[in-house]
1. Take the stretch 267-295 and flag every residue that is at pLDDT below 90 and assigned to a helix (DSSP H, G or I).
2. At least 2 residues that are at pLDDT below 80 and over 19 Å from Val232 (Cβ atoms) in each: list the helices (runs of 4 or more DSSP H) lying fully within the stretch 144-219 that qualify.
3. Do we have any residue at all in the stretch 30-37 that's farther than 13 Å from Leu115 by Cβ and in a loop (DSSP other than H, G, I, E, B)?
4. For the structure I just gave you, tell me whether Ser310 is of a type in the set (S, T, N, Q) and more than 26 Å from Trp171 (Cα to Cα).
5. Inspect the stretch 300-321 for any residue being in a helix (DSSP H, G or I), modelled with pLDDT under 90 and not charged (D, E, K, R) and give the result as yes or no.
6. Could we say that Lys270 is free of Cβ contacts under 8 Å to residues at least 12 places away in the same chain and within 23 Å of Pro169 (Cα to Cα) here?
7. List the number of the failed condition for Leu224; all other conditions in (1) at pLDDT 85 or above; (2) touching a helix residue (DSSP H, G or I) at 6+ places or on another chain (Cβ under 6 Å); (3) within 27 Å of Gly163 (Cβ to Cβ) hold.
8. Select from the stretch 287-333 the residues that are without any contact (Cβ under 8 Å) to a residue 24 or more places away in the chain and farther than 19 Å from Leu240 by Cα and list them in ascending order.
Amino acid sequence: MQDTFLNSYPKLLQANTPILTGLWLAHGDEPLLTQWLTDAMRPHWRNQNLAIKHIDLISTKTWQDVLTELNSLSLFDDASAVIITGNHKPDKDTLLALTEFAKQANAQNNQNCLLWLMPKQDKRAQKAKWFSPFSQYGHVIDCHLYDEAQRQHLLQIKAQQFGLSLTAPAWQLLMAQTEHHLLSSYQTLWRLSYLFAPQLSQQHQTDNAPPLIEIDTDALQNALVSHSQYSVFDLSDAMLSGDSPQVVRIIEQLKATDEPTPLVLWVISKEMRLIIQLLAGEDAQQLGIWRSKQRLYHQACHRHNSDSTSTWTDILYRCDQALKGVIRQPVWELLLQSALLVSGHRLFSLTY
């Protein structure tokens, strides 16, 4: 049976997961996913009184050690859970033994469990003979995330484990700040849990679990660590107040300290979007603008009208193209132009 990590992982987190026996293969190029999968399986192995052991495949002959471990008896444990790493494929005799082991486990005549952690296997590899016992008689888990929606879905699961729930703008900010890097995003959630939910254990999802703590952009801002003397939130205030010289100073400092460009673009586009919505007559409070910042937004609206904001979509699009390498224009140059537009200062004509 083949499945994805996002389908398998939540099931393994549940206490009523069926007994884990037989053949398991997890393949993918994201080490965190295979680590989390293994961590989710460990409590079930302990409940089954399995001895957890590790074997590194240094050659094809190492498979004999694996088979010996799976067939050994222990005076203290009911069976063994063997975690193996390495790319050495089993030979013909080993494949026959693994197939028989999987059939016995499926018939509940064998309580041992084998988990093989491997790099990502392409479609050609999955059609090879060595793959067949795992796909036909065992469990194959694809530990790979194919798009940002899947990445955020997984991080939402981890946030719930920490007792946290992020608002939609907070998720956008987190993704931009961490440049869509899974480990960095997870570390930020971990830090948030100690700031806002220290009393909750990592295994938050229980029947009597307290309500999730909601994290907005302000709370997230306080948890993010920046190496710059300025932050993107200082840039936001400078843009809205119309302080063009300060905008230039902040952009230069953010560039010098390698602030993530997606984060800078996210802040500029957010302010542009809110100003356009306010000019269209929408209510500041309904847009989620804090009372303490409404004065700054009103100042910005006095500097602009529908004509002055008509080119904002075009320059944001060019910023995104430069960020992705589609056009050669320096992304920091376009970010500076965009930020200055919000402050009411135009450097160049924006006819493309």
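The values are calculated or read from the model by the stated rules, or taken from the named source; none is laboratory data. Since we're looking at a predicted model, the values are computed, not measured. Quick reminder, even Gly has a Cβ in these numbers, built from the backbone with ideal geometry, and neighbours come from all protein chains shown.
1. Listed by number, the residues that qualify are Arg291, Ser292, Lys293, Gln294, Arg295.
2. Result: 182-196.
3. yes
4. yes
5. No: the stretch 300-321 contains no residue that is in a helix (DSSP H, G or I), modelled with pLDDT under 90 and not charged (D, E, K, R).
6. no
7. Failed condition: (1).
8. Passing the criteria: Tyr317, Gln321, Ala322, Lys324, Gly325, Val326, Ile327, Arg328, Gln329, Pro330, Glu333.
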